[in-house]
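J.: Before anything else, here's the structure in question.
The values are calculated or read from the model by the stated rules, or taken from the named source; none is laboratory data. Remember, predicted model here, so these are calculated numbers, not experimental data. Glycine gets a Cβ as well: all are built from the backbone with ideal geometry, and neighbour counts include every protein chain shown.
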Amino acid sequence: MKHLSKTLSVLALLMLVACGPKRERFNYTMIKSKMDLNEEQTKQFDELTSDYLIKARNAIESNMGNKEESRAALKAVFSEQDQKIEQVLSAEQFAIYTHEIHIEREGREKYNSTLIRNELDLDSMQLVKFNQANEAFYTTLYDAHDNYHGKPDVYRLYYKEIDKSRREAFKSFMTEDQFIKFEQLAIEYELGVSEH
């Protein structure tokens with residue numbers, strides 16, 4: 001299960017960085033809003049993230065077909081980016097950046113799904129079943145990436161369709177109150193709204 005989770009994280013990361021040439025893959029706008037940057041920091045942050053997005057794409061393209069080498073190359077690019085950004089930010093700002101960029105790189109959707117899970121007061125068996133249903137859902141979603149990439153409307157339709165199976169699985173082991181709460185939290189956390 002741990003290996004599957006790491007594989008999914010790498011796939012998500014590769015999709016996020018390698019997809020379109022012009023669209024921002026990580027929500028740097030949201031991250032910046034949490035750090036209270038001054039004008040000069042904002043300028044430097046934007047320049048660095050733009051430069052390193054290009055470097056990340058180049059790292060993936062030059063290692064196409066080799067997941068291990070792509071992962072290592074991306075890790076090196078991200079490490080270098082983080083070091084450069086640390087020089088621009090205060091310690092407090094960098095702590096916020098580190099937390100938020102980790103979420104972005106792993107996938108905010110999955111992160112939000114984990115936050116929802118933690119609010120549902122599930123017992124140990126329910127937790128196992130929740131995690132299994134979620135992993136199956138995200139595996140299916142990531143495997144179909146080529147079908148919806150760059151097409152947000154298609155993504156939402158595809159997401160909704162495969163989410164039916166996940167919700168049915170959740171319904172089978174959750175109490176009625178837990179499932180109602182899940183549905184409310186899914187709306188609050190905007191699950192399925194964006195592929196990024």
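J.: Looking at region 120-132, which of the residues that are assigned to a helix (DSSP H, G or I) and surrounded by 15 or more Cβ atoms within 10 Å (Cβ to Cβ) is nearest to the chain's Cα centre (by Cα)?
T.: This residue is N131.
J.: Return the residue satisfying two criteria in turn: it lies in region 16-39 and is outside any helix (DSSP H, G or I) and surrounded by 15 or more Cβ atoms within 10 Å (Cβ to Cβ), and of such residues it is modelled with the highest pLDDT.
T.: L37
J.: Test E135 against the stated conditions and say whether it is under 15 Å from the mean Cα position of the chain (by Cα), of a type in the set (D, E, K, R) and in a loop (DSSP other than H, G, I, E, B).
T.: It is false that E135 is under 15 Å from the mean Cα position of the chain (by Cα), of a type in the set (D, E, K, R) and in a loop (DSSP other than H, G, I, E, B).
J.: Condition test on D177, is it within 16 Å of R117 (Cβ to Cβ), surrounded by fewer than 15 Cβ atoms within 10 Å (Cβ to Cβ), among the acidic types (D, E) and more than 18 Å from the chain's Cα centre (by Cα)?
T.: Working: within 16 Å of R117 (Cβ to Cβ): yes; surrounded by fewer than 15 Cβ atoms within 10 Å (Cβ to Cβ): yes; among the acidic types (D, E): yes; more than 18 Å from the chain's Cα centre (by Cα): yes.
So D177 fits the description; yes.
J.: Looking only at residues that are surrounded by fewer than 18 Cβ atoms within 10 Å (Cβ to Cβ) and touching a residue at least 12 places away in the same chain (Cβ under 8 Å) in region 58-74, which one is farthest from I103 (Cα to Cα)?
T.: From region 58-74, those surrounded by fewer than 18 Cβ atoms within 10 Å (Cβ to Cβ) are 58, 61-69, 72; that's our starting set.
Applying the additional criterion that residues be touching a residue at least 12 places away in the same chain (Cβ under 8 Å) yields 61, 67.
Numbers: E61: 24, K67: 21 Å.
Selected residue: E61.
J.: Kindly establish whether L185 is touching an Asp or Glu at 6+ places or on another chain (Cβ under 8 Å), of a type outside the set (F, W, Y), in a helix (DSSP H, G or I) and surrounded by 15 or more Cβ atoms within 10 Å (Cβ to Cβ).
T.: On the way: touching an Asp or Glu at 6+ places or on another chain (Cβ under 8 Å): yes; of a type outside the set (F, W, Y): yes; in a helix (DSSP H, G or I): yes; surrounded by 15 or more Cβ atoms within 10 Å (Cβ to Cβ): yes.
Yes.
J.: Also: Pick from Y142, Y155: which is touching a His at 6+ places or on another chain (Cβ under 9 Å) and outside any loop (DSSP other than H, G, I, E, B)? Lay out the reasoning, then the answer.
T.: Working: Y142 fails: touching a His at 6+ places or on another chain (Cβ under 9 Å).
After applying the criteria, what remains is Y155.
J.: Next up: When you go through R117, R167 one by one, which is the residue that is outside the structural domain of M35 (by TED's automatic domain parsing), over 26 Å from I31 (Cβ atoms), among the basic types (K, R) and modelled with pLDDT of 95 or more?
T.: Checking each option against the conditions leaves just R167.
J.: Moving on to the next point. Has region 152-167 got at least one residue that is of a type outside the set (D, E, K, R), under 20 Å from K34 (Cα atoms) and free of Cβ contacts under 8 Å to residues at least 12 places away in the same chain? Spell out the reasoning first.
T.: Residues of region 152-167 of a type outside the set (D, E, K, R): 152, 154-155, 157-159, 162, 165.
From what is left, the residues that are under 20 Å from K34 (Cα atoms) are none.
The answer is no; no qualifying residue exists.
J.: For region 104-126, which positions are within 16 Å of Y138 (Cα to Cα) and free of Cβ contacts under 8 Å to residues at least 24 places away in the same chain?
T.: Y111, T114, R117
J.: Working only within region 75-95, note down all residues that are crowded, with 16+ Cβ neighbours inside 10 Å, among the hydrophobic types (A, V, I, L, M, F, W, C) and part of a helix (DSSP H, G or I).
T.: Answer for region 75-95, where residues must be crowded, with 16+ Cβ neighbours inside 10 Å, among the hydrophobic types (A, V, I, L, M, F, W, C) and part of a helix (DSSP H, G or I): V77, F78, I85, V88, F94.
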